[in-house]
Amino acid sequence: MAETAQKIIKINLEELLQILNEAYAEEWLAYYQYWLGAKLAAGQMRPAVAAEFAEHAKEELEHADMLADRIVQLGGTPILNPDDWSKHAKCKYEAPQKEDTATLVMQNLLSERCAVGRYQNICDLCFGKDYETFRISAHILKEELEHEQEMEDFLKDFDLAKK
């Protein structure tokens, strides 16, 4: 625990740790959703979609690592039991309904939109009150916005291929 990290923030520490743990759980679920999607993807543009999913999975895992580090710096403990991730996450994991790339991309797009909202809210909460959490959240927000755009681009490509 970093004593100074706790002293310099101007936010309710318990509330912040709860929010960061929710985001931490969501990142693990997002990692799994992308990782599994990369393995199962079938159909149109499968190689490109699977490669993008694998890249996103790696980034989601990096986000979880960043959040865990910040939680520990603030004197908290990241959620210890993977069974609890679903209980704490507001952005939920969606088991693949179908293995076709279009369905998987749409599921991930919805998850990314939830993540964008999550990190925008954390940025809003921390702006001017907790620079380090703001910096981490802004970095993750940027990547989640990129993920959302990439999922939207795949959907456009699927539509164009039908014409």
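Based on what the data block shows, is Leu155 over 15 Å from the mean Cα position of the chain (by Cα), in a helix (DSSP H, G or I), farther than 20 Å from Glu62 by Cβ and in contact (Cβ under 8 Å) with a residue 40 or more places away in the chain? Yes: the conditions hold for Leu155.
Scanning the range 91-122 for residues that are assigned to a loop (DSSP other than H, G, I, E, B) and either in contact with a helix residue (DSSP H, G or I) (Cβ under 6 Å, 6 or more places away or on another chain) or not basic (Lys, Arg) (or both) turns up Cys91, Tyr93, Glu94, Ala95, Pro96, Gln97, Glu99.
Looking at this structure, is His139 assigned to a helix (DSSP H, G or I), in contact (Cβ under 8 Å) with a residue 12 or more places away in the chain and touching a His at 6+ places or on another chain (Cβ under 7 Å)? No, not satisfied. Filtering the range 38-73 to residues that are of a type in the set (D, E, K, R) and either over 18 Å from the mean Cα position of the chain (by Cα) or not in a helix (DSSP H, G or I) (or both) leaves Lys39, Arg46.
Within the set Leu80, Leu61, the sole residue that is touching a helix residue (DSSP H, G or I) at 6+ places or on another chain (Cβ under 7 Å), at pLDDT 95 or above and of a type in the set (A, V, I, L, M, F, W, C) turns out to be Leu61.
If you go through the range 31-74 and keep only what is more than 30 Å from Asp159 (Cβ to Cβ), of a type outside the set (Lys, Arg), touching a residue at least 60 places away in the same chain (Cβ under 8 Å) and touching a Leu at 6+ places or on another chain (Cβ under 9 Å), you end up with Leu67, Leu74.
Are any of the residues in the range 8-30 over 30 Å from Lys129 (Cα atoms), among the hydrophobic types (A, V, I, L, M, F, W, C) and assigned to a helix (DSSP H, G or I)?
Scanning the range 8-30, I find no residue that is over 30 Å from Lys129 (Cα atoms), among the hydrophobic types (A, V, I, L, M, F, W, C) and assigned to a helix (DSSP H, G or I), so the answer is no.
When Cys114, Cys123 are checked against the criterion of being surrounded by fewer than 22 Cβ atoms within 10 Å (Cβ to Cβ), more than 30 Å from Met45 (Cα to Cα) and not hydroxyl-bearing (Ser, Thr, Tyr), Cys123 stands alone in meeting it. Filtering the range 56-71 to residues that are of a type in the set (A, V, I, L, M) and either more than 14 Å from Ala23 (Cβ to Cβ) or in contact with a Lys or Arg (Cβ under 6 Å, 6 or more places away or on another chain) (or both) leaves only Ala57.
Residues that are under 14 Å from Arg70 (Cβ atoms) and touching a residue at least 12 places away in the same chain (Cβ under 8 Å) within the range 9-22 comprise Ile9, Ile11, Leu13, Leu16, Leu17, Ile19, Leu20, Asn21, Glu22, listed in sequence order.
Can you confirm whether Ala138 is within 22 Å of Gln18 (Cβ to Cβ) and surrounded by fewer than 17 Cβ atoms within 10 Å (Cβ to Cβ)? So Ala138 passes the test.
Looking at this structure, is Leu80 surrounded by 15 or more Cβ atoms within 10 Å (Cβ to Cβ) and either out of contact with any Leu (no Cβ under 6 Å at 6 or more places or on another chain) or not acidic (Asp, Glu) (or both)?
For Leu80, the condition - surrounded by 15 or more Cβ atoms within 10 Å (Cβ to Cβ) and either out of contact with any Leu (no Cβ under 6 Å at 6 or more places or on another chain) or not acidic (Asp, Glu) (or both) - is not met.
The values are calculated or read from the model by the stated rules, or taken from the named source; none is laboratory data. As the structure is a computational prediction, the values presented were derived from the model and not from experiment. Here Cβ is always computed from backbone atoms with ideal geometry, including for glycine, and neighbour counts include all displayed protein chains.
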